[in-house]
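Mind looking over this structure? Questions follow.
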Amino acid sequence: MIRIETRLFLRDPATVVFGVLFPTGLLLGLGAIPALRESSPETGGLRSIDIWAPTALVFGMVMIAVQHVPAVITTYRERGILRRLSTTPVHPRTVLLAQMIVAFASVVVSAALMIFLAWAVLDVAPPERPLEVVVAFIVGYAALLGLGMISAAVVRTSSAANQIGTLLFVALMFFGGAFLPRVLMPDVLREVGEFIPPGLQALTAAWSAEAGEITATAGGQPFWLQIAIMAGIAVIASALAAKLFRWE
Amino acid sequence: MTALEVRNLHKRYGKHVAVDDVSFTVEEGEIFSIIGSNGAGKTTTVECIAGLRTPDAGTISVLGLDVRKHRAQVRELLGVQLQESSLPDAIKVAEALELYSSFYRDPVDWRELMELLGLTGKRNTRYRALSGGQKQRLSIALALVGNPKVVILDELTTGLDPQARRDTWSLIKRVRDTGVTILLVTHFMDEAERLSDRIAVIDGGRVAAVDTPAGLIAQASNLDDAFVALTGRAAGSSESRSKEG
């Protein structure tokens, strides 16, 4: 099942390009702008691109978790694929699980690719605290996926899932600093961003303590509390999605 | 031995009574058809048998096993081809067959099945690119891949051209010759007449008659007229065909 779902994923060029390759492309594209590669004394010698790198990482996570996964699941329901499976000895939850495993693998590939190329091409320092980055990444992704699964659970049609996915994507990426660098945001927005999946502040701080200090606010929460908040969102959202999920 | 037994089945959706006391039995090796107009309760009956819906009352057993108490065993024995169910667009014919055969404990060789259904030439074609007839044959193949003893085929030939319908019919006969019991759901009188050993006419959620095609025709000059006499409506009319197509 996982093998088949992987092949199906790879046969969907839009998702592969936007979810897996785009974050890297975006970062490299921005890195081509000289101004973003200049270090500034205001940011303690860090370049804009250094501070912005975690946002590119989040881009792929959000794309897969709130857009791709719900779209596939609602399509499977709409087209009777889940229904067909429930007449076989295999429960349709198997296909959901396979889908989630494949999607998670794809964000891991996306992240690894981005971190490597950011380092190799743009000389963005690899994560300083890899273990904490991994924790923040997994917990943050789980929280995102929880939101995505609520959408997949309640939405009737795949086109509605796409609309909600886009809305969520824009909202989440706003707090994730895709449109306006978080450094420029008022404190209150930055603080809200600490509670919004996938928890960009925690990721930034674990990647680079210096960048973390720049994007953090005076009233910000400590790293592990942010992780706990994300874990809480992940658990609550997943439970809600499981409760609301409609197989038909 | 009895392959399928439906006894006093009731199912309502809100105030609407979809199935109002349906009973029939299908013997092993039979091709048994359910005919009825749109909304007569055919599909609800079939969905209850397939375990997709829970009946409000009544019992259903497949080869002596209650479908609700022995759900896992029944799923190994019962193959289902549903209307309005499909596959992911990008899956290839051979992949779909291999995947579905992996669901069952004792599947048939999916390559042989692919050959039998004339799909070998399309083994690397994606689902989206198949014609209506090819999709239908794949759907039948998926219903058979688990080596079932009983197969439900719902609106088997709707949307197929005349040649594809005829090919499908001869395929169904061949499947029956291997000892598989077949429950056919249709609103085509000619299909029911040509294939069935016995036919149940369902109307308004009830069984209006169960008989052989010859027995039903004996009551009128042809099966269409027999159907109209039993139900007061013309199920095989072009209007109802286009609706379900």
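Can you tell me which of A:Val134, A:Val170, A:Val154, A:Val124 is out of contact with any Lys or Arg (no Cβ under 7 Å at 6 or more places or on another chain) and surrounded by 18 or more Cβ atoms within 10 Å (Cβ to Cβ)?
It is A:Val124.
Moving on to the next point. Within the set of pairs 6 or more residues apart or between chains, which connect a residue that is farther than 17 Å from B:Leu153 by Cα and more than 7 Å from every other protein chain (Cβ to nearest Cβ) inside the stretch A:78-90 to a residue that is at pLDDT 90 or above and assigned to a helix (DSSP H, G or I) with Cβ atoms less than 6 Å apart?
A:Leu82/A:Tyr76
If you don't mind, another one. Mind listing just one residue for me: the one in the stretch B:97-117 that is assigned to a loop (DSSP other than H, G, I, E, B) and either of a type in the set (A, V, I, L, M, F, W, C) or in contact (Cβ under 8 Å) with a residue 40 or more places away in the chain (or both) and, of those, surrounded by the fewest Cβ atoms within 10 Å (Cβ to Cβ)?
B:Asp106
Could you tell me whether the stretch B:150-165 includes any residue that is outside any strand (DSSP E or B) and within 14 Å of another protein chain (Cβ to nearest Cβ)?
yes
Looking only at the stretch A:175-186, count how many residues are within 13 Å of the chain's Cα centre (by Cα) and part of a helix (DSSP H, G or I).
Total meeting the criteria: 1.
Do we find a residue being within 14 Å of another protein chain (Cβ to nearest Cβ) and of a type outside the set (D, E, K, R) anywhere in the stretch A:50-68?
Yes: the stretch A:50-68 contains one or more residues that are within 14 Å of another protein chain (Cβ to nearest Cβ) and of a type outside the set (D, E, K, R).
Name the residue, out of B:Gly79, B:Gly29, B:Gly58, that is farther than 22 Å from B:Ala208 by Cβ and in a strand (DSSP E or B).
Answer to the check: B:Gly79.
If you don't mind, another one. Among helices (runs of 4 or more DSSP H) lying entirely in the stretch A:187-229, which contain 3 or more residues that are without any contact (Cβ under 8 Å) to a residue 40 or more places away in the chain and under 18 Å from the mean Cα position of the chain (by Cα)?
Qualifying helices (runs of 4 or more DSSP H): A:187-195.
Quick one: would you say B:Ala164 is touching a residue at least 24 places away in the same chain (Cβ under 8 Å), surrounded by fewer than 23 Cβ atoms within 10 Å (Cβ to Cβ) and among the small types (Gly, Ala, Ser)?
The answer is yes for B:Ala164.
Sort out which residues of the stretch A:91-129 are in contact (Cβ under 8 Å) with a residue 60 or more places away in the chain, within 14 Å of another protein chain (Cβ to nearest Cβ) and among the aliphatic types (A, V, I, L, M), and write them in order of number.
Those that are in contact (Cβ under 8 Å) with a residue 60 or more places away in the chain, within 14 Å of another protein chain (Cβ to nearest Cβ) and among the aliphatic types (A, V, I, L, M): A:Val95, A:Ala98, A:Val102.
Could you tell me which of the residues A:Ala32, A:Ala112, A:Ala53 is buried (at least 21 other Cβ atoms within 10 Å of the Cβ) and of a type in the set (Gly, Ala, Ser)?
A:Ala53
If I filter the stretch B:125-132 for residues that are within 19 Å of A:Leu85 (Cα to Cα), aliphatic (A, V, I, L, M) and in contact (Cβ under 8 Å) with a residue 12 or more places away in the chain, do I get at least one hit?
No: zero hits.
So which residues in the stretch B:58-96 are more than 13 Å from every other protein chain (Cβ to nearest Cβ), closer than 18 Å to B:Leu153 by Cβ and in contact with a Cys (Cβ under 9 Å, 6 or more places away or on another chain), if there are any at all?
Answer for the stretch B:58-96, where residues must be more than 13 Å from every other protein chain (Cβ to nearest Cβ), closer than 18 Å to B:Leu153 by Cβ and in contact with a Cys (Cβ under 9 Å, 6 or more places away or on another chain): just B:Ile60.
If you take the residues of the stretch B:206-225 that are without any contact (Cβ under 8 Å) to a residue 12 or more places away in the chain and hydrophobic (A, V, I, L, M, F, W, C), which of them is nearest to B:Glu193 (Cα to Cα)?
So the residue we want is B:Ala214.
Say we look at the stretch B:120-146 and pick out the residues that are crowded, with 24+ Cβ neighbours inside 10 Å and part of a loop (DSSP other than H, G, I, E, B); which of these is farthest from the other protein chains (Cβ to nearest Cβ)?
B:Val145
With the structure loaded, tell me whether A:Val72 is within 11 Å of chain B (Cβ to nearest Cβ), in contact (Cβ under 8 Å) with a residue 24 or more places away in the chain and either among the charged types (D, E, K, R) or buried (at least 19 other Cβ atoms within 10 Å of the Cβ) (or both) or whether it fails that test.
Here the answer is yes, as A:Val72 does meet what is asked.
The values are calculated or read from the model by the stated rules, or taken from the named source; none is laboratory data. All figures in this text were calculated on a predicted structure; none of them were measured in a lab. Backbone-built Cβ (ideal geometry, glycine too); neighbour counts: all protein chains shown.
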